[in-house]
């Protein structure tokens with residue numbers, strides 16, 4: 001990774017930290033490449049049992065595309081006719097979102113400040129969002145004459161419903177932490193000073209849990225949203241067979257019988 005994205009694995013928890021607080025963690029090319037590589041590594045590493053995505057500083061989780069760099073790239077495209085500026089969706093945003101959503105392990109976002117544009121997209125790609133009471137969310141795209149990217153057209157309607165998603169996309173505005181909680185964007189709102197500790201607490205609890213079952217739950221929910229009841233029932237059968245054959249299931253049953261707390265192995 002680069003110094004714009006920090007990556008650390010401790011006791012099964014991979015922590016990915018956007019580290020451009022002076023730029024409100026805006027996404028320049030170096031940051032996008034590093035975040036893509038970190039997300040892919042965390043998703044694929046069998047030693048990682050949960051992922052925590054967060055950001056440095058107090059003002060912003062991520063304000064999306066670095067518009068200063070973007071303006072320079074647009075000018076270059078006009079001069080050369082190369083048309084390379086918007087390839088960032090294909091080369092960066094899509095792989096990041098695929099890695100987070102498709103990770104066979106829980107992903108927690110600890111949102112410390114403004115999450116706008118792709119920053120909102122990356123927060124929504126997480127399975128669980130712990131949000132500082134000073135945080136805010138904004139789709140932003142229409143405000144700069146762009147359509148949704150970073151998975152927002154897929155994740156936002158699933159979180160808030162299609163009607164509210166249309167409202168938030170067509171009329172971009174700042175949504176505070178409490179409103180975000182009521183909409184379902186935030187799962188938990190905590191005082192800003194407690195965010196990092198609470199985010200780590202949630203992520204570590206998940207890392208210590210039955211991660212084979214968590215992976216199956218993620219797959220089941222994603223599948224069920226786009227398939228019929230009969231197809232979903234068949235998928236549940238397939239996934240439950242897999243979970244039931246895991247060591248973690250045996251550990252859980254034995255611990256229940258013995259009235260003990262299970263110690264899961266993640267396999």
Do the conditions hold for residue 177, that is, is it more than 24 Å from residue 39 (Cα to Cα) and exposed (fewer than 15 other Cβ atoms within 10 Å of the Cβ)?
-> no
For the range 208-223, indicate whether the set of residues that are exposed (fewer than 15 other Cβ atoms within 10 Å of the Cβ), without any contact (Cβ under 8 Å) to a residue 60 or more places away in the chain and either in the same structural domain as residue 103 (by TED's automatic domain parsing) or not in a helix (DSSP H, G or I) (or both) is non-empty.
no
Taking the stated definitions as given, is residue 145 without any contact (Cβ under 8 Å) to a residue 40 or more places away in the chain, within 30 Å of residue 91 (Cβ to Cβ), surrounded by fewer than 16 Cβ atoms within 10 Å (Cβ to Cβ) and out of contact with any helix residue (DSSP H, G or I) (no Cβ under 9 Å at 6 or more places or on another chain)? yes
Considering the range 134-150, residues that are part of a loop (DSSP other than H, G, I, E, B) and in contact with a strand residue (DSSP E or B) (Cβ under 7 Å, 6 or more places away or on another chain), and then whichever is farthest from residue 67 (Cα to Cα), we arrive at 135
Practice item. Determine whether the range 154-174 contains at least one residue that is touching a strand residue (DSSP E or B) at 6+ places or on another chain (Cβ under 7 Å) and either surrounded by fewer than 16 Cβ atoms within 10 Å (Cβ to Cβ) or over 24 Å from residue 55 (Cβ atoms) (or both). Key: yes
Quick count over the range 112-130, residues being closer than 9 Å to residue 61 by Cβ, part of a strand (DSSP E or B) and touching a helix residue (DSSP H, G or I) at 6+ places or on another chain (Cβ under 6 Å), is 1
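Table: residues versus (1) assigned to a helix (DSSP H, G or I); (2) closer than 18 Å to residue 108 by Cβ.
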position: 189; (1), (2): no, yes
position: 203; (1), (2): yes, yes
position: 206; (1), (2): yes, yes
position: 231; (1), (2): yes, no
position: 240; (1), (2): yes, no
position: 249; (1), (2): yes, no
position: 253; (1), (2): yes, no
position: 266; (1), (2): no, yes
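The values are calculated or read from the model by the stated rules, or taken from the named source; none is laboratory data. Owing to the predicted nature of the structure, the values given are computational and were not obtained by experimental measurement. Don't worry about glycine lacking a Cβ; one is built from the backbone with ideal geometry, like all the others, and counts go over all protein chains shown.
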